[in-house]
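Asks: Please find one structure pasted underneath; my questions will follow.
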Amino acid sequence: MLNICRKFQLRGTVLSCQPYGSGHINATFLVHTDQADYILQRINHSIFQDVPALMNNIQRVTAFLARRDPDPRHSLHLVPTLKGGGWLEEEGEFYRVYDFITDSLCLNAPETPNDFYQSAVAFGSFQRALADFPAEELSETIPRFHDTPDRYRALHQAIREDALGRAASCGPEIRFALDHGADGAFLMEHLRAGRLPLRVTHNDTKLNNVMLDAQTRKALCVIDLDTVMPGLAANDFGDSIRFGANTGAEDERDLSQISLSLERYSAFAEGYLTACGQSLTPFEKETLPWGAKLMTLECGVRFLTDYLAGDTYFRIHRPGHNLDRARTQFALVRDMEAKWPEMNQIVQSLL
């Protein structure tokens, strides 16, 4: 990897290049020189099959963010190759380098309620800063990623094919998913009718994609921009709630442990809407609870589809792992439905 490092415009002499972080998609390395630190990544082009389009998205978005806020700790900064490009292609592999964000930390789970609030500030600020970016000019790095009706299409296909004869063992889960099919179309129908605007969205709004200041614990910037593409603000809001406001683990087998923490939901909604300011339309704000419900439902549908198809997409660590994940997501949807008036009231109180 040292040879790869030397093909980028790094300051100083490269001293080391070591594996870094806990990401599962790209291979990430921390590069030390005698003058600065950098993040080197080998991009997983099995998942992201059009790397030039992906990198064009990232170049345009990071440049736009830097013009809005020149503080180098408030957005990712790509380091050019020696030839001036934004990424390197070498022997069939693709590489990129970012400046390392100094005096920062990244959490896999909130250590305090403020950590979750600050992640909301980060994603809300990201949305506000890109509110007038022409989203339609970005490529879809994963086509139809949050098109919930299309996820249902794939589920119906998996049920029909029943590749491993598993459908009989998950009848209640299939019925729950199919009973919610009409709900799954809610956001896409409003988008297609022109009632919701297309936005630049992150599409992987987990806490560990936010950098916090190591001293103040305040939000610095959003990272992992591979899935930045056109989408809906409600989806970004909703995926954060799905992941961060669940009182149990994503694959918890004891479903009594699964519920929506209204305290966390409220904290995230406050941080997100405060940071977004007036960049969202009134109707977009009203759809935020729907984003939470539908991102959870969609994720459950995806887990169930993969279980029926033979666990071909999500990595599993035990038999039935994807079915456990689907059950957890559907349990969280049920609890959201039970708390639906409170979820809507919390958002309304912040408008």
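Asks: Which three extents, in angstrom, do the Cα atoms of the chain have along their principal axes, listed largest first?
Replies: Result, largest extent first: 60, 48, 39 Å.
Asks: With a 1.4 Å probe and every protein chain kept in, tell me what percent of the accessible surface of the chain is carbon plus sulfur.
Replies: Of all accessible area on the chain, carbon and sulfur atoms account for 50 percent.
Asks: Residues with beta-carbon under 11 Å from that of ILE142, excluding ILE142: net charge, scoring Lys, Arg +1 and Asp, Glu -1?
Replies: -4
Asks: Test of understanding: express the Cα radius of gyration of region 30-169 as a ratio to 2.2 N^0.38 Å, with N the residue count.
Replies: Cα Rg divided by the expected 2.2 N^0.38 Å: 1.36.
Asks: Then there's this: Any chance you could give the angle, 0 to 90 degrees and rounded to 10, that helix 262-276 forms with the longest Cα principal axis of the chain?
Replies: Helix 262-276 sits roughly 50 degrees off the main axis of the chain.
Asks: Might you work out the accessible area of TYR313 for me, using a 1.4 Å probe with all protein chains in place, and round it to the nearest 10 Å²?
Replies: 140 Å²
Asks: Just add up the charged neighbours of MET295: K/R +1, D/E -1, any other residue whose Cβ is under 10 Å from the Cβ of MET295.
Replies: -1
Asks: Residue by residue through region 49-60, what is 3J(HN,Hα) from phi via Karplus (6.51 cos²θ - 1.76 cosθ + 1.60, θ = phi - 60°)? Round to whole Hz and write x for glycine and proline.
Replies: Running phi through 6.51 cos²θ - 1.76 cosθ + 1.60 with θ = phi - 60° gives 7, 10, 5, x, 5, 4, 5, 5, 4, 5, 4, 5 Hz.
Asks: Let me ask another. Pull up all non-local amide H partners of SER16: gap of 5 or more, or a different chain, and H-to-H distance under 5 Å with H placed in the peptide plane.
Replies: HIS32
Asks: Checking the a/c ratio against 1.5 first, then a/b against b/c, what shape does the Cα gyration tensor give for region 78-156?
Replies: Because a/c hits 1.5 or more and a/b fails to exceed b/c, region 78-156 counts as oblate.
Asks: Next up: Convert each backbone phi in region 299-307 into a coupling constant with the Karplus relation 6.51 cos²θ - 1.76 cosθ + 1.60 (shift: θ = phi - 60°), then list the ³J(HN,Hα) values in order as whole Hz, x for Gly and Pro.
Replies: 5, x, 4, 5, 4, 5, 4, 5, 4
Asks: Okay, moving on. In whole Å and largest first, what semi-axes does the C-alpha gyration tensor of region 207-263 yield when each eigenvalue is scaled by 5 and square-rooted?
Replies: 24, 17, 11
Asks: Another question, if that's okay. Near the amide H of SER104, under 5 Å away, which other amide H atoms are found, from residues 5 or more places off or on another chain, if H is placed in the peptide plane?
Replies: For SER104, whose amide H was placed from the backbone, the distant partners under 5 Å are ALA214.
Asks: How would THR13, THR112 line up by accessible area, probe 1.4 Å, largest first?
Replies: Descending accessible area places them as THR13, THR112.
Asks: Still on this model: About its Cα centre, what dipole magnitude does region 61-124 give when the only charges are +1 on Lys and Arg Cβ and -1 on Asp and Glu Cβ, stated in debye to the nearest 20?
Replies: Details: 5 positive and 10 negative charges, 68 e Å.
Using Cβ point charges on Lys, Arg, Asp and Glu, region 61-124 gives about 320 debye.
Asks: Let me know the Rg and Dmax you get for region 1-88 when you use only its Cα atoms, in Å.
Replies: Expressed in Å, the Cα Rg and Dmax of region 1-88 come to 13.5, 35.
Asks: If you count only protein heavy atoms with a 1.4 Å probe, what accessible area per residue comes out for the chain, rounded to a whole Å²?
Replies: 45 Å²
Asks: Then there is this: Pairing the Cα long axis of helix 233-244 with the longest principal axis of the chain, what angle in degrees results, from 0 to 90 and rounded to the nearest 10?
Replies: It works out to around 80 degrees.
Asks: Cα centroid distance between region 322-351 and region 12-48, in Å?
Replies: Cα centroid to Cα centroid, the span is 37 Å.
Asks: Separate question: With angles folded into 0 to 90 degrees, how steeply does helix 113-129 sit against the dominant principal axis of the chain? Use alpha carbons for both and round to 10.
Replies: 70 degrees
Asks: Only four residue types carry charge here, +1 at the Cβ of Lys and Arg and -1 at the Cβ of Asp and Glu. Report the dipole size of the chain about the Cα centre in Debye, rounded to the nearest 20.
Replies: For this selection, approximately 200 debye.
Asks: Let me ask something additional. Any chance you could list P(r) for region 267-337, counting all Cα-Cα pairs in 5 angstrom bins from zero, rounded to whole %?
Replies: The percentages, shortest bin first, are 3, 16, 20, 15, 13, 12, 10, 7, 3, 0.
Asks: Now, a different point. I'd like the trypsin sites (Lys or Arg not before Pro) in region 20-120 restricted to DSSP loop residues with at most 12 other Cβ atoms within 10 Å, sorted by number.
Replies: LYS83
Asks: Could you tell me what fraction of 2.2 N^0.38 Å the Cα radius of gyration of region 96-216 comes to, as a two-decimal ratio?
Replies: Computed over Cα atoms of region 96-216, the ratio equals 1.43.
Asks: Of ILE47, ILE258, LEU76, which is farthest along the charge dipole of the chain in the positive direction, counting Lys and Arg as +1 and Asp and Glu as -1 at C-beta?
Replies: Looking along the dipole axis, the top candidate is LEU76.
The values are calculated or read from the model by the stated rules, or taken from the named source; none is laboratory data. Because the structure is a prediction, the values reported are computed rather than measured. Because the Cβ atoms are built from the backbone with ideal geometry, glycine has one as well, and the counts that use them run over all protein chains shown. Surface accessibility is based on the protein's heavy atoms, side chains included, excluding ligands, DNA and RNA. Shrake-Rupley method; radii C 1.70, N 1.55, O 1.52, S 1.80 Å.
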